[in-house]
Amino acid sequence: MANLKPTEPTKPTNDNINFKSVLLDLKILLNDKTLFFQSKSRLQLIFQFINLHKMGYKVMNASQIVAESIEKEKYQAELIRIWIKNFLKNKTIPIFKRGQH
């Protein structure tokens with residue numbers, strides 16, 4: 001696994017995203033006791049990504065840092081970006097019931 005050296009964040013950008021609103025939505029969902037573990041894990045990764053992006057990290061760097069924080073690589077970073085786009089657009093994340101039916 002390649003060790004990603006965190007780059008210094010650039011000046012914070014908002015990209016027309018209301019971070020307070022998104023983080024509040026995430027906190028509410030994370031407190032939902034009915035969510036599957038997998039869903040909560042994904043929400044936590046999205047939460048971490050948004051905090052890094054809010055601090056000024058670029059999208060690619062933020063997703064790679066989050067992926068490496070769970071000992072994953074490039075593909076996981078790509079998945080994280082997909083989940084984030086979906087969450088920002090629909091306020092949902094993909095849920096799979098693999099092994100739970």
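The values are calculated or read from the model by the stated rules, or taken from the named source; none is laboratory data. Computed from a prediction, not measured in an experiment: that's the story for all the values here. Cβ coordinates were reconstructed from backbone atoms using ideal geometry, including for glycine residues, and neighbour counts include every protein chain displayed.
Tabulated data
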item	result
Members of region 27-50 that are in contact (Cβ under 8 Å) with a residue 24 or more places away in the chain and among the polar types (S, T, N, Q)	GLN38, SER39
Hey, GLU78 in a helix (DSSP H, G or I) and either modelled with pLDDT under 85 or under 13 Å from the mean Cα position of the chain (by Cα) (or both) or not	yes
Flag if SER69 is crowded, with 20+ Cβ neighbours inside 10 Å and of a type in the set (Gly, Ala, Ser)	no
LEU30 vs. criteria of a type in the set (A, V, I, L, M, F, W, C), modelled with pLDDT under 90 and under 13 Å from the mean Cα position of the chain (by Cα)	yes
Odd one out for LYS20, checked against (1) farther than 20 Å from ILE70 by Cα; (2) at pLDDT 85 or above	(2)
Residue selected from region 83-101 under the condition surrounded by 13 or more Cβ atoms within 10 Å (Cβ to Cβ) and aliphatic (A, V, I, L, M), by the criterion modelled with the highest pLDDT	ILE84
Tally, over region 33-61, of residues that are at pLDDT below 90, in a loop (DSSP other than H, G, I, E, B) and in contact with a helix residue (DSSP H, G or I) (Cβ under 8 Å, 6 or more places away or on another chain)	1
